[in-house]
Amino acid sequence: MASANSSLNISSNQSPLILLNNMSNLMSTKLDSSNFMIWKLQITAVLDAYSMLDHLDGSIPKPNQFLTTETGIQAVNPEFLVWSKKDKALLTLLYSTCSSSVLAMVYQQQQQNSSTTQSPQATFQGKNERPTCQIYWKMGHYAIDCYNKMNFAYQGKNPTKKLAAMASASNLHYTQNAETWLTNTGATDHITANANNLSPQAPYQGQEQVSVGNGQNLPIQNIDNNCSCYFDAKKLLIQDLPTGRLLYKGLSSNGVYPIQSHLFHSTANKTACVAHSISSDKWHLWHSRLGHPSSNVLHNIFPCFSTGSNSKSVIEHCHHCLAGKMHQLPFPISNKTVTSPFELIHADLWGPAPVTASNGFRFYLVFVDEFTKFTWVYLLKHKSDTFQVFTQFRAMIETQFSLPIKILRTDCGGEFLSTPFNQFCSSKGIIHQLSCPHTPQQNGVAERKHRHLVQCALALLSQSKLPLSYWSYAISTAAHIINKLPTPNLDFFSPLNKSTDTHISTGLCPNTAGTVSTPATDLFLPTGQIDFSSPTLIIPTSSSNITISTTAIAASSSPVPLLNTAPTPILEPISIDIPLPNHISHPMQTRSKSGIVKSKLTYAAIVDYTITEPPSYTVASKHSKWCTAMDEEFQALQQQATWTLVPLPDSKNVVGCKWVYKLKHHSDGSIARYKARLVAKGFHQQYGVDFEETFSPVIKPPTVRLILSLAVSLNWPLRQLDVKNAFLHGTLKEEVYMAQPQDYIDHTHPHYVCKLQKSIYGLKQAPRAWFESFTTQLLHLGFIASSADSSLFIYKDNQVIAYLLLYVDDIVFTSNTPSFLDHLIQQLNSTFDLKDLGSLHYFLGLQITRSSSRLYITQSKYAQDLLKKHNMLDCKPASSPSCPNVRLAVHDGDLLTDPHAYRSMVGTLHYLTFTRPDISFVVHQVCQYMSTPTTTHLTAAKRVLRYIRGTFNHGIEFTPGPLHLSVYTDADWAGDPDDRRSTSGFLVYLGNNAITWSAKKQPTVSRSSTESEYRALAIASTEICWVRSLLKDLGIYLTDPPILWCDNVSALAIASNPVFHARTKHIEVDFHFVQERVLRKDLVVKFFSTVDQLADIFTKSLPTHRFLELRRNLTVNVPKIEGG
């Protein structure tokens, strides 16, 4: 018997799995929104046949999860494990019978349930049991709050039309009162259990029933179709349709509209029944038969029908006439109630105006306070001024009224969706409510205010016979008038009186006529009311500060502010009388009529050269700090024995000189010192006479990043040196004669010239001479130059290893022995005049911040100076450096008249790629059009600046990790629309650190995508070979060969397969060295998905989401580290 039971249990446990395998054959229909009954019939039969229906309906109870033994130890219940396994199998079975749309609903409901479970506020106060939904009997909410109350999957595809309203838990006490009848603003029919409330009563002849919350269907006994209900925010009106008589008037209470039965007198109902005459019935009958004509047409056909009040009320309350004339369904009235001023502010922007105002305005911004209905109007010249105006408006509210703005309601206009606008609202605690797209009704207060202002302004312009170009003055006056006129929204109080009643000062003194100036707009507005019926209106014609002189009525003033930006000096106003087009003379006495004329004021610009670099010696000689800097430079030249004074030999060239001034700044932007340098005019030199070789190597950017990465990985210190007057230490091989510096001429030999013994700044061979001098000294100290980069010097002696980077006169070095660094500084200082700058923090414009475990490099100061130079500091940031999927071409746009600014901008952007790989591709693109830039190219370059404006704190990060090389390569085949050349891109990692990258157009046209990908592979292989040789010079040997990741299968096949095909013969042979490297195991080429291709950012303009995804692997937002 036991064996039989066990076999039965095994079969019952396995039945869900067997059923799951056969479900596709047993269930022909999957559950969707329209076939619940069919699905239920099938699934019930199947579950019953496999003896699993008891598990679902709860007949089989859920076993306890744990069992307690006699010793008190809890153990897992085996029966619970069997039950749980069966339960999960049945859940999988039910999921397999649902369509994708139903599964989405199930997932959404699960998410909602989980969030409800986690919220402690979800419990109902005052009740011991949780509420139950009447739709699908789930606990936690009523049907009125059910997410699926309008879902056909739960109610059926054709629910009954007579569905009773479901009251929430908070309103249950109303329904329990027999004397109260609740009405619903959204109901088509109102239901009552008391037949005495219906008069006249008519027996119901239909078959429909009323479905109530517990699922029962109740029959309909009597109906009354002759009543109409009107709802507003405060009251309820019930009107008899045939007579138009008011039957009941009540007030709202707690968000509902109750009808008190004892107030609903039967006498009124009887009166309504009497007034329901046969005449009105015939009117309604023929009105319906003839297609709902107007009352006049119906009276013309049937003169017996009078056009009195009865017929008019009938035709006005014909619901079918209203439905036929509706363009869309009515929007519900907002139920938002405020209790204090500035709790809710409505705002909207109007414009651009069809006619630009005479004072240059094209937009206006309106603010309306929900509580006081007070209106503020700001005239704008540009749409982008919205954010600045709002900040000023908020400051004015808090300063003048001492009240905060709690909620701001606007539409989804771009002026309200900018990042600074949203950040400002968040920082000030202002809730920014946005209306749905294409739904201006949700911002109806501001929209209706626009209509009110415009209509009033047009009426004023029409009355005064002024052209539309004066609309800005009319709008300002209309706002002033509206604020002082009573409005039915405030029970016929004016907004000004409402603000006075709530003890809010308007900020201006009453009974005072004057002017309010706005310096930024150069406009003076009258605080009193402008009389547009006056024969003249004096209007300014220029942007200078001019008073608007009008006939002003001394009245209570109201603020009508305009755009007020950065403060500017306000000149004394000058009145200028400009007659109107009809040249009507006026009796006003003006200054010009009296012969009073003021001379025009002019201002002289004064530049502070203590914070600005002087352009010439004449200017610098007037400031003591620059004179001190020149004296120091001249003394240094004398101490170095840079020249000797000699008479000028015959047939020798003389080079001029000049003083150049430079402010040296710290990394935080503060002034470090004043630098004056005597520079030779190298353009006076002649080749073969006073110079020959000029080339001087400098350190390569990948070498700098590689050394910094190694220093972080090996935990070595980084030190920095600066050589004072570095070029003065270079010895010249040629005879060079230079004129004596200005104002430092030797009085004993004024006609002598300087025969240069050492190099000086400005000479063509000066960098080469300095490099040779410094290199000779390093070789004497035991350093050797790297064969991969001649500006990298390596020192190895027993256990001491040191690396030194040289970039002109800036030196960075690191070592595994910190004491050796101090010894090296002493040795170099004995030969050169050095300045020890301590730990590395600012080098070649790179801001370097180091913590205990990582190192950050950024160029934020350089980027900020770049934005300031091109007046882009206040530009709107862009989310990506280029427009997605846009390719530049040579002939796009119009040629720039002055390409110098473009070339300067692009050149400075190129250096920014030192730490910004995310802009490499777009900078490579704009660099291709340096010779003939166009407006399109300038726009593309400015977009890069906009992108930098939002990310100038971004940089690269170096972290310690294993030393292995990996390379990502990609190519954009025939991406250039002008010559159809492909763009190659690669990214090289040393461990976790990106040390070199490139975005470059290929030199030849590729005939296939395979060829372009293979060329990119070859270019990346060349770079990785150079990196390996550099690491070899540094004494670092990698255990594993570098890995080249490529997403093109054909290119990988060419690199790995020694057999060539006819279609690959046109590829140059020199690119096949990749294959040799692979065969020699110097490289390993592997395939990976395009989705993971990091080099994709270097070959094309990407969509924003893809660009941001790849950028996260390249740059970081560099944090501020204390002491870093």
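Does CYS425 qualify as being closer than 30 Å to GLN328 by Cβ and free of Cβ contacts under 8 Å to residues at least 60 places away in the same chain? Judged against the criteria, CYS425 is not a match. Considered as a group, the residues in segment 38-58 that are assigned to a helix (DSSP H, G or I) and of a type in the set (S, T, N, Q) include one that is surrounded by the most Cβ atoms within 10 Å (Cβ to Cβ), and that residue is GLN42.
Taking segment 201-301 as the region of interest, the helices (runs of 4 or more DSSP H) fully inside it that hold 2 or more residues being over 30 Å from HIS141 (Cα atoms) and modelled with pLDDT of 75 or more are 278-289, 295-301. Here GLY950, GLY961, GLY985 are screened, and the one residue that is of a type outside the set (D, E, K, R), out of contact with any helix residue (DSSP H, G or I) (no Cβ under 6 Å at 6 or more places or on another chain) and not in a helix (DSSP H, G or I) is GLY961. Taken over segment 330-386, the criterion of being assigned to a loop (DSSP other than H, G, I, E, B), in contact with a Lys or Arg (Cβ under 8 Å, 6 or more places away or on another chain) and closer than 25 Å to ILE430 by Cα is satisfied by PHE342, GLU343, GLU370, PHE371, THR372, LYS373, PHE374, HIS382.
The condition (being surrounded by fewer than 19 Cβ atoms within 10 Å (Cβ to Cβ) and among the polar types (S, T, N, Q)) is satisfied by just one residue among THR1010, THR1004: THR1004. Contact annotation: residue pairs with Cβ atoms under 7 Å, 6 or more positions apart or on different chains, pairing a residue in segment 244-264 that is under 17 Å from LYS234 (Cα atoms) with a partner that is in a helix (DSSP H, G or I) and modelled with pLDDT under 80, are VAL256/ASN171; VAL256/TYR174; PRO258/TYR174. Listed by first and then second residue, the pairs with beta-carbon distance under 8 Å, at least 6 apart or on different chains, first residue in segment 319-342 and over 30 Å from ILE405 (Cβ atoms), second in a loop (DSSP other than H, G, I, E, B), are HIS320/HIS292; CYS321/HIS292; GLY324/HIS292.
Residues are listed down the side, and each one gets a yes or a no for (1) loosely packed, with under 14 Cβ neighbours inside 10 Å; (2) free of Cβ contacts under 8 Å to residues at least 12 places away in the same chain:
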site	(1), (2)
HIS623	no, no
PHE634	no, no
GLN640	no, no
ASP650	yes, yes
HIS666	yes, no
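Only one of (1) crowded, with 19+ Cβ neighbours inside 10 Å; (2) in contact (Cβ under 8 Å) with a residue 24 or more places away in the chain fails for CYS883. Which number is that? The number of the failed condition is (1).
Of the listed requirements (1) surrounded by 14 or more Cβ atoms within 10 Å (Cβ to Cβ); (2) closer than 22 Å to LEU453 by Cβ, PRO354 misses just one: (1). Of all residues in segment 1108-1124, those that are buried (at least 19 other Cβ atoms within 10 Å of the Cβ) have Cβ atoms under 8 Å from Cβ atoms of residues that are in a loop (DSSP other than H, G, I, E, B) and at pLDDT below 90, 6 or more apart or on another chain, in VAL1118/ASN953. Against the numbered list (1) among the charged types (D, E, K, R); (2) surrounded by 16 or more Cβ atoms within 10 Å (Cβ to Cβ); (3) modelled with pLDDT under 80, GLU343 comes up short only at (3). Can you tell me which residue in segment 1025-1055 is nearest to ALA1095 (Cα to Cα), limited to those that are surrounded by fewer than 21 Cβ atoms within 10 Å (Cβ to Cβ) and among the small types (Gly, Ala, Ser)? So, considering only residues that are surrounded by fewer than 21 Cβ atoms within 10 Å (Cβ to Cβ) and among the small types (Gly, Ala, Ser), the one nearest to ALA1095 (Cα to Cα) is SER1050. Restricting segment 910-922 to residues that are part of a helix (DSSP H, G or I) and free of Cβ contacts under 8 Å to residues at least 60 places away in the same chain leaves a set whose member that is nearest to GLN847 (Cα to Cα) is LEU912.
Within segment 353-405, being more than 23 Å from the chain's Cα centre (by Cα), of a type in the set (D, E, K, R) and within 26 Å of SER499 (Cα to Cα) holds for ASP369, GLU370, LYS373, GLU398.
Residues of segment 59-79 that are of a type outside the set (S, T, N, Q) and part of a loop (DSSP other than H, G, I, E, B): ILE60, PRO61, LYS62, PRO63, GLU70, GLY72, ILE73.
Considering only segment 432-452, I want to know if a residue exists there that is over 20 Å from ILE333 (Cα atoms) and either assigned to a helix (DSSP H, G or I) or more than 22 Å from the chain's Cα centre (by Cα) (or both). No, every residue in segment 432-452 fails to be over 20 Å from ILE333 (Cα atoms) and either assigned to a helix (DSSP H, G or I) or more than 22 Å from the chain's Cα centre (by Cα) (or both).
Residue count for segment 988-1009, restricted to those that are in a loop (DSSP other than H, G, I, E, B) and under 30 Å from TYR842 (Cβ atoms): 2.
Can you name every residue in segment 893-909 that is part of a helix (DSSP H, G or I) and either surrounded by 15 or more Cβ atoms within 10 Å (Cβ to Cβ) or in contact with a Ser or Thr (Cβ under 6 Å, 6 or more places away or on another chain) (or both)? Scanning segment 893-909 gives TYR902, ARG903, MET905, VAL906, THR908, LEU909. Looking only at residues in segment 62-85 that are over 56 Å from the mean Cα position of the chain (by Cα) and among the β-branched types (Val, Ile, Thr), which one is surrounded by the fewest Cβ atoms within 10 Å (Cβ to Cβ)? Among them, the one singled out is THR71.
Is there a residue being touching a strand residue (DSSP E or B) at 6+ places or on another chain (Cβ under 7 Å), free of Cβ contacts under 8 Å to residues at least 24 places away in the same chain and crowded, with 16+ Cβ neighbours inside 10 Å anywhere in segment 798-815? Yes, because at least one residue in segment 798-815 is touching a strand residue (DSSP E or B) at 6+ places or on another chain (Cβ under 7 Å), free of Cβ contacts under 8 Å to residues at least 24 places away in the same chain and crowded, with 16+ Cβ neighbours inside 10 Å. Within the set SER334, SER306, the sole residue that is farther than 30 Å from PHE371 by Cα, at pLDDT below 75, surrounded by 11 or more Cβ atoms within 10 Å (Cβ to Cβ) and polar (S, T, N, Q) turns out to be SER306. Take the residues in segment 942-982 that are over 18 Å from ALA889 (Cβ atoms) and of a type in the set (Phe, Trp, Tyr), then tell me which one is surrounded by the fewest Cβ atoms within 10 Å (Cβ to Cβ). The qualifying residue surrounded by the fewest Cβ atoms within 10 Å (Cβ to Cβ) is PHE952. On the stretch given as segment 612-648, residues that are of a type outside the set (Val, Ile, Thr) and part of a helix (DSSP H, G or I) total 17. When restricted to residues that are without any contact (Cβ under 8 Å) to a residue 40 or more places away in the chain and in contact with a Lys or Arg (Cβ under 7 Å, 6 or more places away or on another chain), segment 946-981 contains 2.
The values are calculated or read from the model by the stated rules, or taken from the named source; none is laboratory data. Model, not experiment: these values are computed from the prediction. Cβ: placed from backbone, ideal geometry, glycine included. Neighbour counts: every protein chain shown.
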